[in-house]
Structures are given as C-alpha cells and as structure tokens.
C-alpha cells in the first residue's frame, strides 16, 4: 500500500510540475540576427532589413501554432494499455491566421521607416497523420492503471499559402516528421477517465516566405520552425460519444535567412541593391488550451478540435500589420478521423 501511495505521489508531483510550467508567465518573444550586408555597399539597407525581421516575427508564431496544434492524438487522453495497442489519427489543422496584404515601399537609404503591411484573414492549414503506440501498460491501481507509456509519432505536410503580395512556399516536398512520449496518470476504463502528460517535438516543413512590392522583392528563405509541446490531456468516452480536453505550453523556435532585392535611385542613377542577412532567429513561448469532441462506433471516430493559443509577451515592431500585434493570440482547429486498434 505504501509503495502504491508513493507511486501516486510521484504521478501527482509530475502533473503539478507540468501544470505549473504551463501556467507560468509566457517568456518574451525574441528576434535575433546578425548584421545586414548590402551590395553594392554604398547605402545602409536598414529599412529592407527591418521589414524582413518584422515579417518574419509576424508570420512565424502563426506557423508554429499550426505545427503545435492541440491534442497529440485526436480524441485520446490516457495511455493505451501497452503493446501492441495503437491509436492513429489523420487530421487537417488550421490556424485562423493573418498574413500581410499591402504593397509597401522598401528602401535601402537611411534609417528604417515604419510602413503598414496590413493583414488579411488567411487560414494556415497543416494536414498531418499521428500515431500512439503502447509500450508499457502501467501499474495496476484499483479500476485503472498508472504510469503507462506510449510512443508518439507523426508526419505533416504544408501546402503553399498565398495572400496578395505574400506567399508561404514549402521546399523539399513540404513534409516533416514529429516524435514524442506520453505518460499516463490514469488509463481510461469504464468508470475512470483517461489522464496523461505528453511531450512532442514537432517540425514544420522548411519554407520560403516571399514578399513582392512593385519591382522589389523580399524573401525570408529556408525558414525552419520547430515546436516543443507539453500537454496535459483528460478524456472519457461514453457509448458513441467522446470528449477530451487539455492545456499545454509551446516553445516555438524559428530560423531563416533574409534576401532582399531593391531598386533605388542614388545620385541620379537607379541601381539594384542586394540586402542579405544570413542568420535570423525567433523564439517565443505560448500557453494553449483545447477541447476535442468525437462521434463513432467500433475502431473509427470522427473528431473535431477547437483551441486557443494565448499571446506571448508582445514584441514591438517598427512596421505595422493592420493593427495586429506580432505575437498576439490565435484560434486554431482540427478535423479528422481517429482509429484505435
């Protein structure tokens, strides 16, 4: 009995630590980079460089939310009960996002100038397939098991997204893979809901962010976004209906290179200048909460998810985006089919 109480205390301590981390204040969003270089080097390039940084900082959090999504496996809350039990889901997740829409002037002369890129409501979709594979059934605890372990695997695909003068274009086929682990506090049974803590490292397919204004172009190339996601999820199924809900914390990291090609008149002569910034990085931490509802019979269920990713500490930008902040909160959702075998 004492051993069982110690195990329960360990599970409770782990859940409390994760819950505390989830609800701790979000870390400040940070964009870091080295110096911009300009060729020919007779101008500053400050405006083009700042516009690239601000575009990167505005779009990357939205992509990170699409990558993180909510529940690691749609409709599932507890662990599966050990080998060879498995659960799969195929879903399309989307962020209710905002992408730049206005054509603004880009300069390489003098200091950075604030412009309004505007923002148009644009869903950012991310189809994905996820799997949970039972490894350890856990330790018997009354009508349930505790400390079961599942391995989490997944793959995602990012299509091209275009809005006016701005586009998000994937490279190398647009596919990326994810992995993680889930530890059960409670395994779902007839009378007991499922409860688990999971960690998932997700990566977005590498993309190029392209912006065109008149004859000028600004590209944020090789954009790589990863998300380290912690989730606490509870679930319960009754007959053909199922509910799952959870909270979590996402650490979103982005890296890219900036390349801008700008026409500028200098000393009465129009020249084409190339502005480059090889190392552009962005980090932010966000809290999230979500709910799943499912309906089905047997091994298959249709599952819908609705979630909210909170704002991080607001990062100020020189340029504007139609009144939108660079790191505010966004809604997201998923619709898919889940199977348990």
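None of the figures in this text is laboratory data; all of them are computed from the coordinates on show. Bear in mind that the values here come from a model prediction, so they are computed numbers and not experimental data. Neighbour counts are summed over all protein chains in view; Cβ atoms, including those assigned to glycine, are modelled from backbone coordinates with ideal geometry.
Laid out as a table, the results:
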quantity	calculated
Relative contact order [Cα under 8 Å, 6+ residues apart], the chain, whole percent	23 percent
Sorted by Cβ density within 10 Å, fewest first, the residues 150, 216, 167	167, 216, 150
Estimated D of the chain in µm² per second, where Rh is the Kirkwood radius over Cα pairs and Stokes-Einstein applies at 10 °C, 1.306 mPa s	74 µm²/s
Inverse of mean 1/r across different Cα pairs in the range 89-190, Kirkwood, Å	17.8 Å
Mean-position separation - Cα centroids, the range 317-336 and the range 111-143, in angstrom	15 Å
Cα principal axis extents for the range 122-270, largest first, Å	84, 27, 25
Computed E for residue 179/residue 86 - FRET, C-beta separation, R0 22 angstrom, nearest 0.05	0.90
Sum of -39500 (n - 2.57) over DSSP H runs of 4+, divided by residues of the chain (222 nm, nearest 500)	-4500 deg cm²/dmol
Point-to-point label distance, residue 274-residue 291, nm (Cα→Cβ direction, 7 Å offset)	5.4 nm
Sorted by Cβ density within 10 Å, fewest first, the residues 93, 39	39, 93
Rounded FRET efficiency, nearest 0.05, which uses the C-beta distance separating residue 96 from residue 191 and R0 of 41 Å	0.65
Residue 143 paired with residue 337, simple spin-label distance in nm, labels 7 Å along Cα-to-beta-carbon	3.3 nm
Spin-label zone in the range 121-141 - amide nitrogen under 13 Å from a point set 7 Å from the Cα of residue 151 along the C-beta vector	131-136
The range 262-287 and the range 183-220: distance between their alpha carbon centers, rounded to Å	29 Å
Sequence of 177, 58 once ranked by neighbouring C-beta atoms within 10 Å, starting from the fewest	177, 58
